[in-house]
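The values are calculated or read from the model by the stated rules, or taken from the named source; none is laboratory data. None of these values were measured; they are calculated from a predicted model. Every residue, glycine among them, receives a Cβ derived from its backbone with ideal geometry; neighbour counts consider all protein chains shown. Surface accessibility is based on the protein's heavy atoms, side chains included, excluding ligands, DNA and RNA. Shrake-Rupley method; radii C 1.70, N 1.55, O 1.52, S 1.80 Å.
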Amino acid sequence: MALLLAALIAWAGLSRGAPAFAGETAAARYGINRLNLAWLERTDQERILRAIADSGATHVRLSLSRPVDKSIDALEIANRLGLRILLEIQLSNKSYYPDSVRPRTGFGRIWDINRLSDLDLDRYRAGLASALQRIDALGIRLDAVEPGNEINLAGYNGGLAVYEKPGQATPRHLGELKDAHAFGKGLDNYVEALKITRDAVRASANSKAIIVSAGLSDMGAKEADRQGMERLDPGEVIALLKARGMDALVDAYGIHIYPARKDKAAITSIVTKLLDFCAPADRGRPCWVTEWGIANTLRSCPVDDREREGAMTAMRTVFERFSEENRLNAAYYYDWDTQQNYRLWRCGALSPAGALAIEPAKGD
């Protein structure tokens, strides 16, 4: 009986995604993104999530966005299908902001979006508590929770400026931002939102869910110049958040990776540099790549995915190395079926590269 009890406890810890003991390597999770299912009818949610489950995927990143009830409908379907859920909480949800605030303009090139410095923490606390209560009532299991998305990029944080005319040089560091003070206040607010999230999750039926910080954009300075929007390097923003006490509130750092190159050497160099701040838990926090993608612009059927397969193999090789070093715990490919260039669902089936992207880690 004692041996049986010990085995059950060990299984429960593994099934909850418990971190490895010191010196032990835990296999990384490999999953798929399918955000904004709240915009679809339930029959479409069911069709998409069933296709994902039938493809062999085991982990999905889904969003909690408006309308929240329909987001939770999608979570319930995914949970019923046995998919393990990383829940991205969209902090752009206007329900979390005072009615009096006005979003920063995107000048028609990108969406207008609120500033993190305007986030109403009481509204966020109430909205999150309500959502978690319904998630608990439905018996939905959450593997991890990720509050926020790309808060280092103007596209998702109105505290960063969009230029009316793109093409000019954009900031490379914090002190060069148009309003560094407002951006800093937004980071202060974000850390408070992390605390609210952690407390709410720990008090829920999903008390052991992993808390992941907002996946940060990997957009480079030259691309930011071209698009005319402010951004900061992920490593700089992680350092700013760590100085505000983030490590006490999260189990992992989130980051996104979209290498424009497809050759192995370039991918190895780019990804290794981007993941430089990831560390084992005893020296910092490991990373979760909550979005990554390799483009394939071909539209023919049957799909020609040969070039992308090589690039994905190179990506997975780097991911596996960081996983073995306990510096990377998860990677979720973007996207299943909505982004034409990046999608994995091609010609009515999972593409060959898609199978590589979501293949379980060795020994998983």
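Data for the structure
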| item | result |
| --- | --- |
| Residue list for region 309-333, filter: of a type in the set (G, A, S), over 29 Å from W39 (Cβ atoms) and open to solvent by less than 10 Å² (accessible area, probe 1.4 Å) | A311, A314, S323 |
| Index of the failed condition, A248 passing every other in (1) touching a residue at least 40 places away in the same chain (Cβ under 8 Å); (2) open to solvent by 20 Å² or more (accessible area, probe 1.4 Å); (3) under 20 Å from N329 (Cα atoms) | (1) |
| Among the residues listed as A265, A281, the single one being of a type outside the set (D, E, K, R), open to solvent by 10 Å² or more (accessible area, probe 1.4 Å) and in a loop (DSSP other than H, G, I, E, B) | A281 |
| Tabulated pairs, region 153-181, first part of a loop (DSSP other than H, G, I, E, B), second open to solvent by less than 80 Å² (accessible area, probe 1.4 Å) and of a type in the set (K, R), C-beta under 6 angstrom, 6+ apart or interchain | G158/R104; G158/R115; G159/R115 |
| Close pairs (7 angstrom Cβ cut-off, 6 or more residues apart or separate chains): farther than 18 Å from D122 by Cβ in region 76-94, hydroxyl-bearing (S, T, Y) and open to solvent by 40 Å² or more (accessible area, probe 1.4 Å) anywhere | L83/T58; R84/T58 |
| Of the criteria (1) without any contact (Cβ under 8 Å) to a residue 40 or more places away in the chain; (2) assigned to a helix (DSSP H, G or I); (3) in contact with a helix residue (DSSP H, G or I) (Cβ under 9 Å, 6 or more places away or on another chain), which one E223 fails | (3) |
| Filter result for W336 (open to solvent by 50 Å² or more (accessible area, probe 1.4 Å) and of a type in the set (F, W, Y)) | no |
| Identity of the residue in region 288-308, within 26 Å of the chain's Cα centre (by Cα) and among the β-branched types (V, I, T), that ends up most open to solvent (accessible area, probe 1.4 Å) | T297 |
| Residue within region 116-125 that is without any contact (Cβ under 8 Å) to a residue 24 or more places away in the chain and either part of a loop (DSSP other than H, G, I, E, B) or not acidic (D, E) (or both) present | no |
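Table: residues versus (1) in contact with a helix residue (DSSP H, G or I) (Cβ under 7 Å, 6 or more places away or on another chain); (2) under 15 Å from A182 (Cβ atoms); (3) surrounded by fewer than 20 Cβ atoms within 10 Å (Cβ to Cβ).
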{"position": "L121", "(1), (2), (3)": "yes, no, yes"}
{"position": "Q133", "(1), (2), (3)": "no, no, yes"}
{"position": "G148", "(1), (2), (3)": "yes, no, no"}
{"position": "G155", "(1), (2), (3)": "no, no, no"}
